[in-house]
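A short worksheet on the structure shown next.
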Amino acid sequence: MPELPEVETVRRSLLPHVGGRRITAVEVHRPQVVRGGHSPQALMRGLVVTGIDRRGKHLLISAGPQSPCICVHLGMTGSLRFCPPGAGPGRGDHVHVRWRFGNHGHMEFRDPRRFGGVWSFNTPEAAMRARWSSLGPDALIIRPRDLHSRLTRTGRGLKAALLDQSVVAGLGNIYADELLFALRLHPQHPANRLSAAQVQQMVYAMRRLLARAIAARGSSVRDYHDAEGNHGSYAALHQVYGRGGQPCTSCGAALQRQTIAGRTTVFCRQCQQLC
Ligand SMILES: [Zn+2]
């Protein structure tokens, strides 16, 4: 699933192509993936894109404070791609919505497994109220004190707490496992037993991890690609995710694969002991 670094990479790679461009036509091929109004007007036909914002794994494409806007969530297999003019029809399969920018190309939302979607709203304020108010602060900007108070409210294990988007927005299975390994913390370590100093270390490690992953344009697992169709290279730097059974890069022990918080979790029994 695309997580914060992948969604941020989509945002950054999409904005130069669509920012300042007018949407001249909208085609909805599968109305079920659009929540809210399905009309071309509701999906921003006639408007000039002025910004793309992100919180956690969610994107908001807008055209000013008083204009209709759309939220996009990529789910498991979703992608938002810009196709320049003359690029041909591209992959027509699983393209659910297409936004055309006159003769400047088009943007398309594909989602083979359909866990993602597009939501239309009358204004960005309404979108944020409906879609973003239940999210915790974004993982790139959350402050140590805020994360500490959020973690002290839950006796769950750290893996479950970090995956909870209402605690901190943006981490998924990949970066939660990578973060816990970087901090040498067991995925089932009770979240409310971290000290303020440990949470501060966690926040700094999280920023470093996410910044490095964004610099590598994300991790391409499954079919992830950015808005220009490029794959990310961070998967080659994963220390634990996807490496169950392989040697720990730190101590050489075989990495453990176990279902924790309902997700396949990989960690090192030696380096991340439950104490
Ligand atoms: Zn180890």
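The values are calculated or read from the model by the stated rules, or taken from the named source; none is laboratory data. This structure is a prediction, so every number in the text was calculated from the model and none was measured. Ideal geometry is used to build each Cβ from the backbone, glycine not excepted, and the neighbour counts take in all protein chains shown.
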Report task. Only residues that are closer than 16 Å to E3 by Cβ and buried (at least 21 other Cβ atoms within 10 Å of the Cβ): list them for region 174-188, please. Result -> I174, Y175, A176, D177, E178, L179, L180, F181
Report summary line: Over region 240-260, the set of residues in contact with a strand residue (DSSP E or B) (Cβ under 6 Å, 6 or more places away or on another chain) and near the ligand (Cβ under 8 Å from one of its atoms) is L255
Report task. Pull up region 210-228, narrow it to residues that are surrounded by fewer than 22 Cβ atoms within 10 Å (Cβ to Cβ) and modelled with pLDDT of 95 or more, then point me to the one that is nearest to P5 (Cα to Cα). Result -> I214
Report summary line: Picked from region 261-274 (must be of a type in the set (A, V, I, L, M, F, W, C) and either modelled with pLDDT of 95 or more or in contact with a helix residue (DSSP H, G or I) (Cβ under 9 Å, 6 or more places away or on another chain) (or both)), the residue farthest from the ligand (Cβ to nearest atom) is A261
Query raised in the report: Can you find even one residue in region 171-187 that is away from the ligand (no atom under 16 Å from the Cβ) and charged (D, E, K, R)?
Result: no
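Please state which one of A235, A191 is surrounded by fewer than 20 Cβ atoms within 10 Å (Cβ to Cβ) and more than 16 Å from the ligand (Cβ to nearest atom). Let's see the steps before the verdict.
Details: A191 fails: surrounded by fewer than 20 Cβ atoms within 10 Å (Cβ to Cβ).
Of A235, A191, the one residue that is surrounded by fewer than 20 Cβ atoms within 10 Å (Cβ to Cβ) and more than 16 Å from the ligand (Cβ to nearest atom) is A235.
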Query raised in the report: Looking at (1) part of a loop (DSSP other than H, G, I, E, B); (2) more than 16 Å from the ligand (Cβ to nearest atom); (3) touching a residue at least 40 places away in the same chain (Cβ under 8 Å), can you tell me which one R207 breaks?
Result: (1)
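Which residue, of A161, A169, is surrounded by 22 or more Cβ atoms within 10 Å (Cβ to Cβ) and in contact with a strand residue (DSSP E or B) (Cβ under 7 Å, 6 or more places away or on another chain)? Spell out how you get there, then give the answer.
Numbers: A161 fails: in contact with a strand residue (DSSP E or B) (Cβ under 7 Å, 6 or more places away or on another chain).
So the residue among A161, A169 that is surrounded by 22 or more Cβ atoms within 10 Å (Cβ to Cβ) and in contact with a strand residue (DSSP E or B) (Cβ under 7 Å, 6 or more places away or on another chain) is A169.
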**Report entry** Residues satisfying the stated conditions in region 115-144, i.e. buried (at least 17 other Cβ atoms within 10 Å of the Cβ), among the aromatic types (F, W, Y) and out of contact with any helix residue (DSSP H, G or I) (no Cβ under 7 Å at 6 or more places or on another chain)
**Finding:** W132
**Report entry** Scan of region 106-124 for residues that are of a type in the set (D, E, K, R), within 8 Å of G78 (Cα to Cα) and part of a strand (DSSP E or B), ordered by number
**Finding:** R110
